[in-house]
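Reviewing the structure listed below.
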């Protein structure tokens, strides 16, 4: 039961697109992730995901529109909804999602991260 | 599926100690709350709680020690652990906890909030 400094945790993450666990809350993991560029279209069959932006601006693409999410803002992507996170410049994100969530959802490819570090 | 600006939501909350729902994520509610002063000793039998500090400094009291939590930091209070949030100056908090969570946990008194607004 310690205070967790989000920026300090993010400073320990060097690889883009590598979600890293920083806390556990009921059935969820709290993760931090940095990225730049485009992810891929995917959805999660049974899991809602929360993206809280700490630094930079994320563009969450949906099939019918884009939503910009800036520092101090969050977006919740409901289960079943196709989405693709994009960032023109590096973004720092807190992700909150069930422990069962695979980063690439219904897709498995070279961007899938099966195992996650905890810091 | 919109971007939710946390500070703007907090600006709509005027009463201290009134958790207000700003999002839903799986089995959890995302809430914002402002407070100053002392809450009360309580615990939650079956629910872990996450407190993310947006503004100010919260002192989370446990029976054996205090933990200070500042802006950009969070603390997770595991189920069953007695705690009392305190703030010498006004703090702005994001709370993430199961929908079933009562603010005063195992205690019911004048500080209990049975119904929550959603903004």
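Worth a mention:
- If the condition is being under 21 Å from residue A:4 (Cα atoms) and buried (at least 18 other Cβ atoms within 10 Å of the Cβ), then segment B:87-119 contributes B:87, B:91, B:92, B:93, B:94, B:95, B:96, B:97, B:98.
- Scope segment B:1-20; condition more than 8 Å from every other protein chain (Cβ to nearest Cβ), in contact with a strand residue (DSSP E or B) (Cβ under 6 Å, 6 or more places away or on another chain) and closer than 24 Å to residue A:48 by Cβ; matching residues: B:9, B:10, B:13, B:19, B:20
- Of the strands (runs of 3 or more DSSP E) lying entirely inside segment B:39-119, those containing at least 1 residues that are in contact with a helix residue (DSSP H, G or I) (Cβ under 8 Å, 6 or more places away or on another chain) and closer than 18 Å to residue B:17 by Cβ span B:49-55, B:84-98.
- From the options A:62, A:29, residue that is in contact with a strand residue (DSSP E or B) (Cβ under 8 Å, 6 or more places away or on another chain) and at the interface with another protein chain (Cβ under 8 Å from one of its Cβ atoms): A:62
- Here residue A:23 meets each of (1) in a strand (DSSP E or B); (2) more than 9 Å from every other protein chain (Cβ to nearest Cβ); (3) within 18 Å of residue A:117 (Cα to Cα) with one exception, condition (2).
- Yes/no for residue B:46 being out of contact with any strand residue (DSSP E or B) (no Cβ under 6 Å at 6 or more places or on another chain) and either surrounded by fewer than 16 Cβ atoms within 10 Å (Cβ to Cβ) or closer than 28 Å to residue A:80 by Cβ (or both): yes
- Candidates A:36, A:99 - the one that is closer than 20 Å to residue B:24 by Cα and either more than 13 Å from every other protein chain (Cβ to nearest Cβ) or modelled with pLDDT under 95 (or both): A:99
The values are calculated or read from the model by the stated rules, or taken from the named source; none is laboratory data. The model shown is predicted, which means the values in this text are computed figures rather than measured ones. FYI the Cβ positions are ideal-geometry reconstructions off the backbone, even for glycines, and counts take in every protein chain you see.
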